[in-house]
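Peer 1: Pasting in a structure now, in structure tokens, and then I'll have a few things to ask.
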Amino acid sequence: MKHEILQSLHEDHINMSRIAELVAAELVAMERGEKPDLNLLDDIMAYVTAYPDTFHHPTEDIVFAQLKRVAPEVQEDVTALLAEHGDLIATGRAFQSLVRAVEEDVVVTRAELLTKGRVYLDKLTAHMNKEEAGLFRLAADRLDHSDWATIGARVEAMEDPLFGPAVAADYRRLWQRITAHPPGR
Ligand SMILES: [Fe+2]
């Protein structure tokens, strides 16, 4: 059975996939010439900054660092994933800034917004798939009780403000959109 920390990281990925589906739908609408829902994109990127970037990726960094100790052969994979975390955060911020610029009527071309959105989505999806197929599996196999205790001592607890037990006020509008859009549809 997966340790609860790993299980929770896996659930984060499922949740982020639901968010990614909403972003993808907005990009498709833009490609059809429709206006994107900027409020929705802004809410999504605010959430990404507040939880996945602040808690999810740093927690993975701690798990991967421990995995590297017990399985030195994963060194290169860990280094690559850590770099991807930095890149994902930067790419997400770039997309978020562009969404805000459009909201503030700064001239941004549709192509620019689409490209930044697409790049972000593709990187996020590829990254999560890589983790699930690679180091998450290895972490489940190789990390023992005491490794998870070491990891647990370094991870600070944080409730997910959107998918956690209580939806924070800032994310109520986004939560309504998520529940109106069941996974895979
Ligand atoms: Fe990650």
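The values are calculated or read from the model by the stated rules, or taken from the named source; none is laboratory data. Computed from a prediction, not measured in an experiment: that's the story for all the values here. Ideal geometry is used to build each Cβ from the backbone, glycine not excepted, and the neighbour counts take in all protein chains shown. Side chains included, ligands, DNA and RNA excluded: accessible areas come from the protein's heavy atoms. Shrake-Rupley method; radii C 1.70, N 1.55, O 1.52, S 1.80 Å.
Peer 1: All but one of (1) of a type in the set (Val, Ile, Thr); (2) in contact with a helix residue (DSSP H, G or I) (Cβ under 7 Å, 6 or more places away or on another chain); (3) free of Cβ contacts under 8 Å to residues at least 60 places away in the same chain hold for Val107; which doesn't?
Peer 2: Looking at each condition in turn, Val107 falls short on (2).
Peer 1: Out of curiosity, is His56 closer than 16 Å to Ala139 by Cα, part of a helix (DSSP H, G or I) and without any contact (Cβ under 8 Å) to a residue 60 or more places away in the chain?
Peer 2: yes
Peer 1: Given the structure, is Gly86 over 15 Å from Asp53 (Cβ atoms) and either touching a Cys at 6+ places or on another chain (Cβ under 6 Å) or small (Gly, Ala, Ser) (or both)?
Peer 2: Considered against the rule, which asks whether it is over 15 Å from Asp53 (Cβ atoms) and either touching a Cys at 6+ places or on another chain (Cβ under 6 Å) or small (Gly, Ala, Ser) (or both), Gly86 comes out as no.
Peer 1: Going residue by residue through the range 71-89, is there one that turns out to be under 30 Å from Leu6 (Cα atoms) and among the hydroxyl-bearing types (Ser, Thr, Tyr)?
Peer 2: So far as the range 71-89 goes, yes, one or more of its residues are under 30 Å from Leu6 (Cα atoms) and among the hydroxyl-bearing types (Ser, Thr, Tyr).
Peer 1: Hey, among Ala94, Ala83, which residue is over 14 Å from the mean Cα position of the chain (by Cα), among the small types (Gly, Ala, Ser), open to solvent by 10 Å² or more (accessible area, probe 1.4 Å) and within 12 Å of the ligand (Cβ to nearest atom)?
Peer 2: Sole residue among the options that is over 14 Å from the mean Cα position of the chain (by Cα), among the small types (Gly, Ala, Ser), open to solvent by 10 Å² or more (accessible area, probe 1.4 Å) and within 12 Å of the ligand (Cβ to nearest atom): Ala83.
Peer 1: Mind listing whichever residues of the range 67-103 are without any contact (Cβ under 8 Å) to a residue 12 or more places away in the chain and either of a type in the set (A, V, I, L, M, F, W, C) or in contact with a Ser or Thr (Cβ under 7 Å, 6 or more places away or on another chain) (or both)?
Peer 2: Ala80, Ala83, Ala90, Ala101
Peer 1: How many of the residues in the range 101-131 are within 26 Å of Ile14 (Cα to Cα) and either away from the ligand (no atom under 16 Å from the Cβ) or open to solvent by 50 Å² or more (accessible area, probe 1.4 Å) (or both)?
Peer 2: 13
Peer 1: Quick one: in the range 59-71, which of the residues that are among the aliphatic types (A, V, I, L, M) and part of a helix (DSSP H, G or I) is nearest to the ligand (Cβ to nearest atom)?
Peer 2: Val63
Peer 1: Tell me yes or no: at least one residue of the range 21-35 is in a helix (DSSP H, G or I), open to solvent by 50 Å² or more (accessible area, probe 1.4 Å) and touching a Leu at 6+ places or on another chain (Cβ under 8 Å).
Peer 2: Looking for residues that are in a helix (DSSP H, G or I), open to solvent by 50 Å² or more (accessible area, probe 1.4 Å) and touching a Leu at 6+ places or on another chain (Cβ under 8 Å), one finds at least one in the range 21-35, hence yes.
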